[in-house]
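S.K.: Got a structure for you, questions after.
Just so it is clear, none of the values below were taken in a lab; they were calculated from the coordinates. Since we're looking at a predicted model, the values are computed, not measured. Methodologically, a virtual Cβ is constructed for each residue, glycine included, from the backbone with ideal geometry; neighbour enumeration extends over all protein chains shown.
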DNA sequence: TTTATTTTTGAATACGTATGCAAAAATTGA
DNA sequence: TCAATTTTTGCATACGTATTCAAAAATAAA
């Protein structure tokens, strides 16, 4: 409850001796207001502690200046970095962030309703998907959406993703070119486009070297999952000499399993991750990994979203961004003449 | 821009053959509306895809149903866990989250303005402080605030903190009781109440054992900082046999430095952290650490905030929550008869 | 059936702001 | 100085909803 009555533009108007509409103009850009009057108004506002009410403004302009960020897996270190970057870039552009922590692979109806209810101007959805009915709901309510790091092949939603297929393929080639022969894959959940594309690229690379199959275990994109997946894989086949993990945090789990088993990295077994989170550079891991260019992906996502919001583009589009390999200490060069 | 005209309660009213106020009543609890009419209205709303407008509602009720969360150090794994918990508990209570990523030790004027502008009902400020002028600004605008994990001794702001002094003291006793004699401390920024209290508690414990001083280096609450601080400490005094790090992530950095130097943990040097983030349990670290009860702290913070919001309490209060030690593998029992 | 009481409902209004429109004021040019 | 033109400003209004108040409708009791 208010201890003090809320200060409004009407109060400022009275003190400054002008109208409420003049006060509004003093706080707007591109408004016609004399500098003398503007100065008086701003001084009165300062004295009264006036703060324009974004809710009232949003009602009349239909511009909430709010972007919704729907995020999953906030405890995967990749996503705090993504959130950090999204926040700072949106703040630069004058947007506020409504944060929605999601739990499911597909954004839920109530999450959609919340975003609509608050008239967010756009939404970034990270690591989750939209059904066609939620796409329609957003569209009908004039809310632009961009998927981050995931996409759906239904031509309904814009997305910015790392080129996961090319990355998986490049990693496959890299490991084989470094002399590995018995490769395995630790995936994420198999219903995610990130895992499917990384695995397919990896498969294609191996096929090009005459390797028609490889073992896969689901590491659930988590430390514990990677740990368990490594254990399963090594029980299935002790000849495995390289692991490609579909994300870094499951790679860390796999590495810790290997270390616990006395299997030396990279002497006995090489491992590659995906994401290049800060921890990949920590000396306990020194993980060779695929760098996802978060800054570029975030910038592209926001540019795409703002183009949709401003009506500059209408048709959905998927932008693929290329990452690059970061070689650290977790891959051995097994070719003859190297050690 | 809207492709379709926004559906409002007026549209639903026309389709259902009732008034706009009846539509509003159908979507409210504790309103007088016949069940027959309510059913008709809800069906019409479903058919039209009507979504009540929270912005309009907020304007008239002066209840935005938004809580601001101002967070720093989102990339410290402690804070994503905190955010996760805050989000789910607030969502259960029907609140939306406006997220503000902060960079400074003290919340900034523009951050305060953003929260006021959007009429957030309350704000949780994690790992940052308020000046007395920002406290006044919040108060004048009817916004309740609770500090999380930090507090100011000015009696102006409510806070929920771990009892850092008691924890630091307990850790000091623990290390000494385990036979360590040359202890050092890796702090966070010295202007943070968390570091000051943890250090003071540690100091008191050591004083009670006749140890009047110990070396300190600032680990900046970061991995890199912990790594560098460990290096500096070990250069200053090679006899150090235990490190108390003011948070886990700087402990991980310190541990990686020690490993790189071939200093075995805990055989050669014991280390204790603070927070008990998930990585503390990873087999590469197995860090003995002080567990901060995030669930309890978050629940208490939200309870306290809601009591302020509802006017049930007015005076600021500081609630201290106790954590507990989690013993893993990074502390050696150095007493005679143990090995 | 009529009167009294209770419940439901719609009309009117307010919330605080932005903006269209026209009047007032200021400026410019003859 | 006056007329023409431009700029500034205030009035009125709308944005979409919740709620007060009073009328209408429904229900209960005589």
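S.K.: Ratio of the stretch B:245-290's C-alpha Rg to 2.2 N^0.38 Å, to two decimals? Mind showing how you got there, number by number?
M.R.: Numbers: Rg = 9.5 Å, N = 46, 2.2 N^0.38 = 9.4 Å.
Ratio of Cα Rg to 2.2 N^0.38 Å: 1.01.
S.K.: Taking the Cα atoms only, what angle lies between the long axis of helix B:294-309 and the longest principal axis of chain B, rounded to 10 degrees?
M.R.: The two axes meet at around 40 degrees.
S.K.: What does a probe at residue A:136 reach in the stretch B:6-45, counting residues whose amide N is under 20 Å from the point 7 Å along Cα→Cβ?
M.R.: B:6-8, B:12, B:42-45
S.K.: Right, another one. Could you work out the mean count of beta carbons from other protein chains within 10 Å of each residue's beta carbon in A:252-263? Present the calculation step by step, with values, prior to reporting the outcome.
M.R.: Numbers: counts 4, 3, 0, 3, 5, 1, 0, 2, 2, 0, 0, 0.
Across A:252-263, the average partner-chain Cβ count within 10 Å equals 2.
S.K.: Okay, next question. Of B:188, B:311, B:219, which has the largest mean-square fluctuation in a 10 Å C-alpha GNM of chain B?
M.R.: The residue with the greatest mean-square fluctuation here is B:311.
S.K.: What is the distance, in nm, between label points placed 7 Å from the Cα along the Cα-to-Cβ direction at residue A:5 and at residue A:20?
M.R.: Spacing of the two 7 Å Cα→Cβ label points: 1.3 nm.
S.K.: Additional query: For the peptides A:258-264, B:292-298, B:115-121, what is the packing order when you average, over each peptide's residues, the other Cβ atoms within 10 Å and list the highest mean first?
M.R.: On the way: A:258-264: 13.6, B:292-298: 20.1, B:115-121: 23.6.
Result, highest mean Cβ count within 10 Å first: B:115-121, B:292-298, A:258-264.
S.K.: Is there a simple number for the mean count of other chain Cβ atoms within 10 Å of the Cβ of residues in B:47-57, and what is it?
M.R.: If you average over the peptide's residues, the count of other-chain Cβ atoms is 5.
S.K.: Can you tell me how much longer the chain between residue B:296 and residue B:211 gets when fully stretched, taken as 0.36 nm per residue apart minus their C-alpha distance, in nm with one decimal?
M.R.: Details: separation 85, 0.36 × 85 = 30.60 nm, distance 3.41 nm.
Computed gain between residue B:296 and residue B:211 is 27.2 nm.
S.K.: Have a look at the DSSP beta bridges in the protein assembly as shown and tell me what percent are antiparallel, nearest 5. Kindly include the intermediate steps, with their values, before the conclusion.
M.R.: Numbers: 9 of 87 bridges.
Taking every DSSP beta bridge with both residues in the protein assembly as shown, the antiparallel ones total about 10 percent.
S.K.: Taking the 0 to 90 degree range and rounding to the nearest ten, how far is the long axis of helix B:164-177 tilted relative to the main principal axis of chain B, both from C-alpha atoms?
M.R.: With both axes taken from Cα atoms, the answer is about 30 degrees.
S.K.: Helix A:223-236 versus the longest principal axis of chain A: what angle, 0 to 90°, nearest 10, using Cα atoms?
M.R.: 20
S.K.: Taking the Cα centre of each part, how many Å lie between the stretch B:123-143 and the stretch B:148-202?
M.R.: When both Cα centres are located, 24 Å separates them.
S.K.: Here's something else I'd like to know. If the convex hull of the alpha-carbon atoms of the stretch A:130-187 is projected onto planes in all directions, what is the mean projected area in square nanometres?
M.R.: Working: hull surface 20.2 nm².
Average projection, Cα convex hull of the stretch A:130-187: 5.0 nm².
S.K.: Sticking with this structure for a sec: Please work out the Cα center distance from the stretch A:283-302 to the stretch B:283-339, rounded to the nearest Å.
M.R.: 32
S.K.: Using the Cα atoms of chain B to build a convex hull, what is its mean projected area in square nanometres? List each step's numbers first, then the result.
M.R.: Values: hull surface 89.0 nm².
Approximately 22.3 nm², given one-decimal rounding.
S.K.: Another question, then. Given the -39500 (n - 2.57) contribution per DSSP H run of 4+ residues, what per-residue ellipticity at 222 nm results for the protein assembly as shown, rounded to the nearest 500 deg cm²/dmol?
M.R.: -13000 deg cm²/dmol
S.K.: Per residue and in Å³, how big is the convex hull formed by the alpha-carbon atoms of the stretch A:187-236? The partial results should precede the final answer.
M.R.: Working: hull volume 3.5 nm³, N = 50.
That works out to 70 Å³ per residue.
S.K.: If you don't mind, there's one more thing I want to ask. How shielded is B:75-88 by partner chains, expressed as the average number of their Cβ atoms within 10 Å of its Cβ atoms?
M.R.: Working: counts 8, 2, 5, 0, 3, 10, 2, 1, 7, 6, 1, 2, 6, 2.
Mean partner-chain Cβ count within 10 Å for B:75-88: 4.
S.K.: For chain B, with a Gaussian network of springs between Cα atoms less than 10 Å apart, report the residue from B:269, B:130, B:40 with the top mean-square fluctuation.
M.R.: In this elastic network of chain B, the residue with the biggest mean-square fluctuation among B:269, B:130, B:40 is B:40.
S.K.: Determine the percent antiparallel among the DSSP beta bridges restricted to chain B, to the nearest 5. Write down the numbers at each step before the final one.
M.R.: Values: 3 of 42 bridges.
The antiparallel proportion sits near 5 percent.
S.K.: Kindly state, as a whole number, the per residue volume in cubic angstrom of the convex hull around the alpha carbon atoms of the stretch A:16-90. Numbers along the way, then the final one.
M.R.: Values: hull volume 10.0 nm³, N = 75.
Convex hull of Cα atoms, per residue: 134 Å³.
S.K.: Would you kindly work out the equivalent ellipsoid of the stretch A:164-292 from its C-alpha gyration tensor and give its semi-axes, the square roots of five times the eigenvalues, largest first in whole Å?
M.R.: Details: eigenvalues 71, 53, 40 Å².
After scaling each eigenvalue by five and taking roots: 19, 16, 14 Å.
S.K.: Over the Cα atoms of the stretch A:246-339, Rg to Rh with Kirkwood Rh, two decimal places?
M.R.: Working: Rg = 18.3 Å, Rh = 15.4 Å.
On the Cα set of the stretch A:246-339, Rg over Rh gives 1.19.
S.K.: Out of A:150, A:203, A:140, any idea which swings most in a Gaussian network model of chain A, alpha carbons joined below 10 Å?
M.R.: Maximum fluctuation in the GNM of chain A, among the listed residues, is at A:140.
S.K.: Using the Kirkwood radius built from alpha carbon pairs, what does the Stokes-Einstein equation give as D for the stretch A:83-235 at 25 °C and 0.890 mPa s, in µm² per second? List each step's numbers first, then the result.
M.R.: Values: Rh = 17.6 Å.
Translational D for this selection: 139 µm²/s.
S.K.: While we're here: Over the Cα atoms of the stretch B:77-123, what Rg and Dmax result, in angstrom?
M.R.: For the stretch B:77-123, the Cα radius of gyration and maximum Cα-Cα distance read 11.9, 30 Å.
S.K.: Express the Stokes-Einstein translational diffusion coefficient of the protein assembly as shown in µm² s⁻¹, to the nearest whole number, given a Kirkwood radius over alpha-carbon pairs, 37 °C and a viscosity of 0.692 mPa s.
M.R.: 119
S.K.: State the volume of the convex hull built on the alpha-carbon positions of the stretch A:9-52, expressed per residue in Å³ and rounded to an integer. Write out the running numbers ahead of the final one.
M.R.: Numbers: hull volume 2.5 nm³, N = 44.
Taking the convex hull of the Cα positions in the stretch A:9-52, it is 57 Å³ per residue.
S.K.: Based on alpha-carbon positions alone, could you give the equivalent ellipsoid semi-axes of the stretch A:28-135 from the gyration tensor, as √(5λ), descending, whole Å?
M.R.: 36, 16, 11
S.K.: Right, here's the next one. Taking R0 as 56 Å, what FRET efficiency do you get between residue A:239 and residue B:303 from their Cβ-Cβ distance, rounded to the nearest 0.05? Don't jump to the answer; show the numbers that get you there.
M.R.: Numbers: r = 57 Å, r/R0 = 1.01.
For R0 = 56 Å, the calculated efficiency reads 0.50.
S.K.: What does the extension gain come out to for residue A:47 and residue A:318, with contour length at 0.36 nm per residue minus their alpha carbon separation? Provide the component values of the computation, followed by the final result.
M.R.: Working: separation 271, 0.36 × 271 = 97.56 nm, distance 5.00 nm.
Length difference between fully extended and current span is 92.6 nm.
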